[in-house]
Amino acid sequence: MPRRVKLAGWLAFGLHGIFILTARYRLSYDAYNHMFFGDHYRLDWWSLWEPRWYTGFEVTSYPPLVHQLIGLLGHLIGVDAAFGLLLWLVLSLFPLAVYAYCRIFTGKTVAGYAALGAALLPGVYQAAHTFGQLPTLAGTLCALLAMAA
């Protein structure tokens, strides 16, 4: 793996790690909604109806993978910590996914610079720490890695 990609990964790990370890995501717009969905899967994996919110609703309004992962990890470390851990993992892998996707179109040098840029991208910060959009970021990460494969 090129040096720039390793640097980008460590940069993303450190910069986002500061915000995650200080639980900045708790102040974001949508994080508690996703933690709620994760808690639903933690409590009742097979039920698609959640009665605890308003008069109840179907939990299939969001794609369930991230919420199910939060639910699984929630048994071990709690829902709040599971959300933070998954967010940290997704944000740390994001520069690698950008590198892999850019390698389709460019050489290693340019893709390495793209990975460095992805580690510092303000839109990723905003989506993660202001809006709490873990499922969107995880979907983007999976899409970039799938297209690169």
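The values are calculated or read from the model by the stated rules, or taken from the named source; none is laboratory data. Small disclaimer: the values here were computed from a predicted structure and weren't measured. All Cβ positions, glycine included, derive from the backbone under ideal geometry; neighbour counts span all protein chains shown. To get the accessible areas, we keep the full protein, side chains included, count just its heavy atoms, and leave off ligands, DNA and RNA. Shrake-Rupley method; radii C 1.70, N 1.55, O 1.52, S 1.80 Å.
Condition test on Trp49, is it modelled with pLDDT of 95 or more and open to solvent by 90 Å² or more (accessible area, probe 1.4 Å)?
Values: modelled with pLDDT of 95 or more: no; open to solvent by 90 Å² or more (accessible area, probe 1.4 Å): yes.
Judged against the criteria, Trp49 is not a match.
Does any residue in segment 122-149 that is more than 14 Å from Tyr29 (Cβ to Cβ) come within less than 8 Å, Cβ to Cβ, of a residue that is exposed (fewer than 15 other Cβ atoms within 10 Å of the Cβ) six or more places away or on a different chain, and which pairs are these?
Cβ pairs passing all conditions: Ala138/Leu65; Gly139/Pro63; Met147/Ile104; Ala148/Ile104.
If you check Leu69, Leu11, which single one turns out to be crowded, with 17+ Cβ neighbours inside 10 Å, part of a helix (DSSP H, G or I), in contact with a Pro (Cβ under 8 Å, 6 or more places away or on another chain) and aliphatic (A, V, I, L, M)?
Of the residues listed, the single one that is crowded, with 17+ Cβ neighbours inside 10 Å, part of a helix (DSSP H, G or I), in contact with a Pro (Cβ under 8 Å, 6 or more places away or on another chain) and aliphatic (A, V, I, L, M) is Leu11.
Of all residues in segment 33-61, count the ones that are out of contact with any His (no Cβ under 7 Å at 6 or more places or on another chain), of a type in the set (Asp, Glu) and not in a helix (DSSP H, G or I).
2
Can you confirm whether segment 89-100 contains a residue that is in contact (Cβ under 8 Å) with a residue 24 or more places away in the chain and more than 16 Å from the chain's Cα centre (by Cα)?
Scanning segment 89-100, I find at least one residue that is in contact (Cβ under 8 Å) with a residue 24 or more places away in the chain and more than 16 Å from the chain's Cα centre (by Cα), so the answer is yes.
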